[in-house]
Every structure is written in structure tokens, then in C-alpha cells.
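What follows draws every value from the coordinates through simple rules; no lab data is involved. Note that this is a predicted model, so its numbers are computed, not measured. For neighbour counting, all protein chains shown are included, and Cβ atoms are generated from backbone atoms with ideal geometry for every residue, glycine included.
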Amino acid sequence: MGLLAIPAHIILETLAYSVGFAVYARDRKHRGDIVASAARSSVLVAAILGAAIGSKLLAWLEDPAELLAHGSQWQMWLGAKTIVGGLLGGTLAVEWMKTRLGITSRTGDLFAVPVTIGIAIGRIGCFLGGLADRTYGTATNLPWGVDFGDGIARHPTQLYESCFLLVLAWELTRFRRLPHRDGDVFRLFMFVYMAWRLCIDFLKPGTPFAGLTALQWACLAALLWYSPDAARIFTRPRIAAHG
């Protein structure tokens, strides 16, 4: 009897969702939820749908020529996705839904650390996905360059991101123990992650437009949007963390 082979990427992606949800549920239990149950469901649905749409749209803009060249291969269209597009699409959809429901409170703080940890785990799956995942870096002569099977040593940008995000998750956990405005944990996550992606994607192959890829332009737009909050957060008086 043969064994069912499950790609490591799928296993790690499932683990990422599971761990992220577990961290979210733990934090919500300890810190409470400022949104009523009925409204919370609508906000979550908006987040999921917005993330799915944003993830696809930005991925399609990353290399439209290649997609059009394989227009009949629907798997390429459905398989294309980006984390940056998902984050931006989900955030915009949540804000739209909150406006419709008349919710003025900030709702993102509970998601910042779970999302950070989830992406960190998921990137390990991207690394194990090799060339097919298309998240590898450009060629490098550095000793830790990784050959994904085509004889070219590349930057393991997936592992760079996993390490960076684990540090970010730790820092966000420390930050939320300090006095801060509602929503600042999520704003800080978005600003730092978008800055990271703007920089690290220079080490990834892509199709630039006016010097940046579509994903980098999206990151730059997000950085401009969050920069006033980031300036306020980074220049606040430093207070020792509790606990």
C-alpha cells in the first residue's frame, strides 16, 4: 500500500495557521476583546476575504507578463499569492467593515503577534518548497547560499525572514506590556514588516517598475501611511516593561 505524500510546505503552512490561532485565542482570553461577538464575526470575515483578494491582486501585479503567457494554466493564477497583499487587503477590508458597523475602536493589536509568528513558521515551509515556491533570493557567493536544485547558490531569504520575524514577535510582546494607544501594536508590526519587505525584496528576483517591484511599491505606500504613527511610537519616552 502506497503512502500519501504531503508536501512539507503544506504541513508548515497548516502549522503556521494553527500556532497563530492558538496564540490569538490565548491572548484574547487573557486580554479580552473590545468588539462585540456579532460584530467580531463580520470583521473576521472581512479580514479573510480582504486578505485573499489582496494577496491575489498583488501577486498578479508582480509579474503580469508571465501570468498572461500562461493564461490557460489556471493553477498559476490561483496559486499566486503574497503576504504583503494579504496584510494590506485584510487591513483595508477590516477598516471598511468597521466603518459600516460604526466601530471606532482599534481591533488589530490581538492579531499582531499571532500573525508575526505564523508568517515566521510559514516561511520555513516556503524554504522547503524550493524553486517551485518562488520565494528564494538572488544568487550569492556567501557561504550560507543554498542550492535549491538548479546548481545556483541563492540567498535563503525565507530563513532570513523567519529569523527576523521571531525577533519582531519578541519585541512586539515586550512593547505591548508598555503603556500604548490601542492599535499601536498592530501599527508597529505593519510599519516594521513593510520596511523589512521593502529592503529584503532587493535580494529577490522580480520585475521592477521604476526601480521597484509592485510589491515594493505597495510596501512603500504602506510605510508612508503608517509613518506618522511610527514616528510617534519610536520617539515616545522609554518606560521599563512590566513583568
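Observations
- Full-extension gain in nm, Ala132 to Ala210, via 0.36 nm per residue minus C-alpha separation: 25.4 nm
- Partner aspartates and glutamates for Lys56 [C-alpha distance under 19 Å; skip if fewer than 8 residues away on the same chain]: Glu13, Glu66, Asp133, Asp201
- Ordering of 192-199, 42-49 by packing [mean C-beta count within 10 Å, highest first]: 192-199, 42-49
- Sorted on the mean count of surrounding Cβ atoms within 10 Å across their residues, most packed first, peptides 52-62, 226-236 read 52-62, 226-236.
- Centroid-to-centroid separation of region 112-140 and region 178-230 [C-alpha atoms, Å]: 17 Å
- Selection from Pro208, Trp196, Gly137, by position along the positive dipole direction of region 103-243 (Cβ): Trp196
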